[in-house]
Amino acid sequence: MIKIEQMVKYYGSFPALNGLSLQIDKGELFGFVGPNGAGKTTTMKILAGLLPYESGEMWIDGEAAVSGTGSWKEKIGYMPDFFGVYDNLKVMEYMEFYASIYGMEGHGAREYLYELLDHMGLSDKADAYVDHLSRGMKQRLCLARALIHDPPILILDEPASGMEPRARYELREILRQLSAEGRTIIVSSHILPDLAEMCTSIGIIEEGKMVVKGTVEQIMSRFNASNPLVMQFTSGQEEGMRVLKENPLTQNIASRGNSVSVIFHGGAEEEADLLAQLIRAGAMISSYRREEGNLEELFLRLTEGGDQHAEV
Ligand SMILES: Nc1ncnc2c1ncn2[C@@H]1O[C@H](COP(=O)(O)OP(=O)(O)OP(=O)(O)O)[C@@H](O)[C@H]1O
Ligand SMILES: [Mg+2]
């Protein structure tokens, strides 16, 4: 549905995108995460046809999207990260203004726009001034606007920023529903757990390059594979320690009371094999598992400039 290859974008002499490649399939709800200045907004503006780029290729819905033409714009609903100022414009007038760009006018259009507002929980604000809406309401109005022409692709730049937890939850529900209707959605955020909960896949960008892309499960399991194995001995700890020390895949064995943690460079099969060896040696073990990292930790590890760049 969306494919970007080796995208390079300069602002003056500053390379904001550094050979970014990305593929998003139809119907995906894709979470775009990265630290400030990583290039999320830049990528999203390019996808929305609002910004030219220096080199690289891009396809939207099977068609080559040529820099500077924006010929694919009508397929995209774009919600910018910044909501403008609209002196003396009321909510319904704002919606009607954007609808008129798509040639939608008259009573039918008004009813449709009202429905969209209602869907975003803004029907009682139709006659309020746009500038008087709260920040979260403005975000929802912006999303309603992006949906006016019923686009198959939605590009939402930090739609949840400034929202309180309840509003975030409601937004997630709305996005899930829009995704279930078959839309392809790209949503950016700094808050990885927020995205992880609803997205079908996640991409982490840093310094204008994709660092990791995959499902949340794939990313977590890759990450967890480098976490220590932690086991609790009920008896036979000495025998167990001997087995651990002799195993060529272990490193940094540390014990505290009857809990032992060890860095283990093996996959699931080797893990099972190690457990069998421990038991054969006479150890009794009540729990045995990989320590699980959390998503925030993963985000920090991947964006600290390490060399873990990979596609999973
Ligand atoms: N109009 C511009 N002129 C010059 N540099 C720019 C411009 N817009 C963005 N940049 C630079 O490009 C880089 C990427 O910016 P971008 O806004 O895409 O990051 P981002 O990932 O969206 O960050 P944030 O999480 O803060 O929104 C930054 O270093 C930024 O300073
Ligand atoms: Mg941004």
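Just going by the charge dipole of the chain, with Lys and Arg at +1 and Asp and Glu at -1 on Cβ, which of Ala65, Met198, Met241 is farthest out on the positive end?
Met241
By counting other Cβ atoms within 10 Å of each Cβ, how are Met7, Met137, Met210 ranked from fewest to most?
Sorted ascending by nearby Cβ count, the order is Met137, Met210, Met7.
I need Lys245, Lys3, Lys40 ordered by Cβ neighbour count within 10 Å, fewest first.
Numbers: Lys245 10, Lys3 16, Lys40 22.
Arranged by neighbour count, lowest to highest, Lys245, Lys3, Lys40 become Lys245, Lys3, Lys40.
Any chance you could give the angle, 0 to 90 degrees and rounded to 10, that helix 106-119 forms with the longest Cα principal axis of the chain?
Orientation of helix 106-119: about 30 degrees from the principal axis.
Taking amide H positions as placed 1.01 Å from N in the peptide plane, with prolines and chain starts having none, which residues 5 or more places from Gly214, or on another chain, fall under 5 Å of its amide H?
Ile202
What is the helix-to-structure angle for 268-280, meaning the angle in degrees between its Cα long axis and the longest Cα principal axis of the chain, kept from 0 to 90 and rounded to the nearest 10?
With both axes taken from Cα atoms, the answer is about 30 degrees.
Near Ile60, within a Cβ-to-Cβ distance under 10 Å, what is the net charge of the other residues, with Lys and Arg +1 and Asp and Glu -1?
Every neighbour counted, the sum reads +1.
Treat every Asp and Glu Cβ in region 58-102 as -1 and every Lys and Arg Cβ as +1, leave all other atoms uncharged, and give the resulting dipole magnitude about the Cα centre to the nearest 20 debye.
Details: 3 positive and 7 negative charges, 8 e Å.
Computed about the Cα centre, the dipole is about 40 debye.
So for the chain, averaging the separation of alpha carbon pairs under 8 Å that are six or more residues apart and normalising by length, what relative contact order in percent results?
Once divided by the residue count of the chain, the mean separation gives 20 percent.
What's the magnitude of the charge dipole for region 228-290 around its Cα centre, counting Lys and Arg as +1 and Asp and Glu as -1 at the beta-carbon? Answer in Debye, nearest 20.
220
Which residue fluctuates most in the GNM of the chain (Cα springs below 10 Å): Glu238, Glu173, Glu296?
Glu238
At a Förster distance of 22 Å, what's the computed FRET efficiency of Ser123 paired with Phe82, Cβ-Cβ distance as r, to 0.05?
0.30
Roughly what would the spin-label model give for Arg289 and Ile191, points 7 Å off Cα along C-beta, in nm?
Placing both labels 7 Å along Cα→Cβ, they lie 2.6 nm apart.
I'd like the Karplus ³J(HN,Hα) series for region 237-245: coefficients 6.51, -1.76, 1.60, θ = phi - 60°, whole numbers in Hz, and an x wherever there's a Gly or Pro.
Each residue of region 237-245 in turn: 5, 4, 4, x, 4, 5, 4, 4, 5 Hz.
Which value, in Å³ per residue, describes the convex hull spanned by the Cα atoms of region 228-290?
Roughly 67 Å³ of hull volume per residue.
For a footprinting-style exposure proxy, rank Leu195, Leu117 by other Cβ within 10 Å, fewest first. Present the calculation step by step, with values, prior to reporting the outcome.
Numbers: Leu195 25, Leu117 20.
So the ranking, lowest neighbour count to highest, is Leu117, Leu195.
Rounded to two decimal places and with Rh computed the Kirkwood way over Cα pairs, what is Rg over Rh for the chain? Don't jump to the answer; show the numbers that get you there.
On the way: Rg = 24.8 Å, Rh = 22.2 Å.
In the chain, Rg relative to Rh is 1.12.
Relative contact order, percent, of region 96-236 when contacts are C-alpha pairs under 8 Å separated by at least 6 residues?
Contact order relative to length: 15 percent.
If I take every Cα pair under 8 Å that is 6 or more residues apart in region 43-87, average their sequence separation and divide by the length, what percent do I get for the relative contact order?
Over region 43-87, the number comes to 34 percent.
Relative to the Cα centre, what is the charge dipole magnitude of region 2-222, using +1 at the beta carbon of each Lys and Arg, -1 at the beta carbon of each Asp and Glu, and rounding to the nearest 20 debye?
The calculated dipole for region 2-222 is roughly 440 debye.
On C-alpha positions alone, give me the angle between the axis of helix 165-180 and the longest principal axis of the chain, in degrees, nearest 10.
80
Applying a 10 Å radius around every beta-carbon, put 71-80, 8-17 in order of their mean neighbour count, most first.
71-80, 8-17
Once the other residues with Cβ under 13 Å from the Cβ of Phe299 are scored (Lys, Arg +1; Asp, Glu -1), what is the net sum?
So the surrounding residues net to -4.
Bear in mind these aren't lab numbers, they're just calculated from the coordinates by the rules spelled out. Bear in mind that the values here come from a model prediction, so they are computed numbers and not experimental data. Cβ sites come from the backbone with ideal geometry, for glycine too, and all protein chains shown count toward neighbours.
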